[in-house]
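Heads up: the structure comes next, in structure tokens.
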Amino acid sequence: MKTLKVALLGCGNVGSQVARILIDDAADLTARTGARLELAGIAVRNPEAPRDVELPRELFTTDAEALVESADIVIELMGGLEPARTLILHAIGHGASVVTGNKALLAADGAALYEKADAAGVRLAYEAAVAGAIPILGPIRDSLSGDRITRVLGIVNGTTNYILDAMDTTGAQFADALAEAQRLGYAEADPTADVEGHDAAAKGAILASLAFHTTFEMANVSCEGITGVTAEDIAAAKDAGFVIKLLAIAEKLEADGTEGVSVRVHPTLLPRTHPLAAVHGAFNAVFVEAENAGELMFYGQGAGGTPTASAVMGDVVTVARRLALGGHMGVEAASGHFPALPKELVTTSYSIGLDVADAPGVLSAVAQVFADHGVSIETMRQKSHSDAANASAELRFVTHRAPEAALAATVEAIKGLDVINSVTSVLRVEGV
Ligand code: NAP
């Protein structure tokens, strides 16, 4: 029986659990792969630091480069761009297959890494990079490869889902929900990557690349976070039967006669009856629409050391099986050539909140602006604030699908009307 040497880079939240599984479940892993998986070493910055899991001290090293050179499989769980990128390239150069959960690196530089891996005939696997424990990349890449995916909607960031869900349940403002998420450990001290949507955008780029067989990187993703979502937006959405979720969306669209793919992240109103509306707390879910399969949903824990280690180990077993049996690792087929559509060309429905003077003729003035820009209104709700010193009203419009550029021009023109106090929110709507 073959022995495969496994090098682990990083022993933090995820790496420590991967090390535990490799050691504790060695017999099962051998039965499933047909090879012995030997944990050859664990590269960290500080070998003396306490770990979440009791592990043999002699496994630890600071010489990641030397460790990689002796390995058949390298598991990269250090995170960050460097030295992760250099070490992955070093591993590929030495003929090792690589398993990683590093979405930031893949979204920034995935294409170059996949190319190197393909050229070297080794595998670069990254199931853990999107939605933690949820096996979503395998189904998109393999199970649905005989179908045509048309759209992917993902709640792929647990922190923002936790915050928006808390705002929806308690009526809290964003800042208070964020502070609570930080207190409970769902949000980091510096929450920028999560609340500004950057983490979801990295995952969106990876999902889009696999779903549409075309390489998309972070630069192709238009991204808006949740810092501008107010308790009033959430309450108005609730009133109208919607919930607000931060979605990573990848969809095939035709714009200006060109078929392309829109990849975007933004707060989105979803009908409360949509399956994604039932995803609460820090959970993740990915909703896939395909021509033949129809609608599919994948749900589970999107983060956490142990759940994420499950996804990492799935990749390790797949790679080890292939190494045990021999044969080519299989190429990432980037056969599609869809251009990334700029957000100005994307058509979506919008919810627009206005604070207006409570006076006759306001509604028709606003409606005229929509008509002038070719944006048609699906619904309108009005709430008067009778207790206000100056009588004002809140108007909420939901539009039919319209191009982003037309909507932006509409909003600008509405702002210029005398009767408008302010545009309180502009949010996109999906699933209607
Ligand atoms: P983490 O807890 O911060 O652990 C990082 C580990 O890498 C630490 O053991 C650290 O060593 C080591 N390390 C960092 N820089 C190093 C360097 N220059 N040289 C050697 N070792 C270095 O990270 P994590 O939460 O486990 O995440 C690991 C990866 O999985 C990231 O790419 C992350 O995006 C991805 N991921 C994480 C989750 C999650 O729930 N945590 C979910 C999905 C994907 P020391 O311990 O000595 O400092």
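The values are calculated or read from the model by the stated rules, or taken from the named source; none is laboratory data. Nothing here was measured: the structure is a model prediction, and the numbers come from that model. Using ideal geometry, Cβ is built from the backbone for each residue, glycine included, and neighbour counts are taken over all protein chains shown. All accessible areas refer to the heavy atoms of the entire protein, side chains included, with ligands and DNA or RNA removed. Shrake-Rupley method; radii C 1.70, N 1.55, O 1.52, S 1.80 Å.
Yes or no: region 93-112 includes at least one residue that is within 16 Å of Lys5 (Cβ to Cβ) and within 13 Å of the ligand (Cβ to nearest atom). Yes, there is a match, as at least one residue in region 93-112 is within 16 Å of Lys5 (Cβ to Cβ) and within 13 Å of the ligand (Cβ to nearest atom). Taking into account only those residues within region 1-39 that are open to solvent by 40 Å² or more (accessible area, probe 1.4 Å) and within 16 Å of the ligand (Cβ to nearest atom), which is nearest to the chain's Cα centre (by Cα)? Taking the candidates together, the pick is Asn13. Restricting attention to region 162-172, the residues that are out of contact with any His (no Cβ under 8 Å at 6 or more places or on another chain) and surrounded by 15 or more Cβ atoms within 10 Å (Cβ to Cβ) add up to 7. In region 101-204, counting only helices (runs of 4 or more DSSP H) that sit wholly within it, the ones holding 3 or more residues that are not aliphatic (A, V, I, L, M) span 103-120, 158-170, 174-183.
Among the residues of region 76-87, is there at least one that is open to solvent by less than 10 Å² (accessible area, probe 1.4 Å), assigned by TED's automatic domain parsing to the domain that holds Asn46 and closer than 26 Å to Ala35 by Cα? Yes, that holds for at least one residue. What do you reckon, is Val319 more than 12 Å from the ligand (Cβ to nearest atom) and either in a loop (DSSP other than H, G, I, E, B) or outside the structural domain of Leu124 (by TED's automatic domain parsing) (or both)? The answer is no for Val319. Here Glu254 meets the list (1) surrounded by fewer than 16 Cβ atoms within 10 Å (Cβ to Cβ); (2) at pLDDT 95 or above; (3) assigned to a strand (DSSP E or B) almost entirely, failing just condition (2). Number of residues in region 44-75 that are surrounded by 18 or more Cβ atoms within 10 Å (Cβ to Cβ), under 22 Å from Thr306 (Cβ atoms), within 8 Å of the ligand (Cβ to nearest atom) and touching a residue at least 40 places away in the same chain (Cβ under 8 Å) equals 0.
Identify, please: which residue in region 78-92 is more than 13 Å from Ala125 (Cβ to Cβ) and of a type in the set (A, V, I, L, M) and is, among those, nearest to the ligand (Cβ to nearest atom)?
Residues of region 78-92 that are more than 13 Å from Ala125 (Cβ to Cβ), as a first pass: 78-87, 89-90.
From what is left, the residues that are of a type in the set (A, V, I, L, M) are 78, 81, 84, 87, 89.
Numbers: Met78: 4, Leu81: 10, Ala84: 7, Leu87: 8, Leu89: 15 Å.
Filtering region 78-92 for residues that are more than 13 Å from Ala125 (Cβ to Cβ) and of a type in the set (A, V, I, L, M), the one nearest to the ligand (Cβ to nearest atom) comes out as Met78.
Filtering region 136-152 to residues that are crowded, with 17+ Cβ neighbours inside 10 Å and either in contact with a strand residue (DSSP E or B) (Cβ under 8 Å, 6 or more places away or on another chain) or modelled with pLDDT under 95 (or both) leaves Ile136, Pro139, Ile140, Arg141, Leu144, Ile149, Arg151, Val152.
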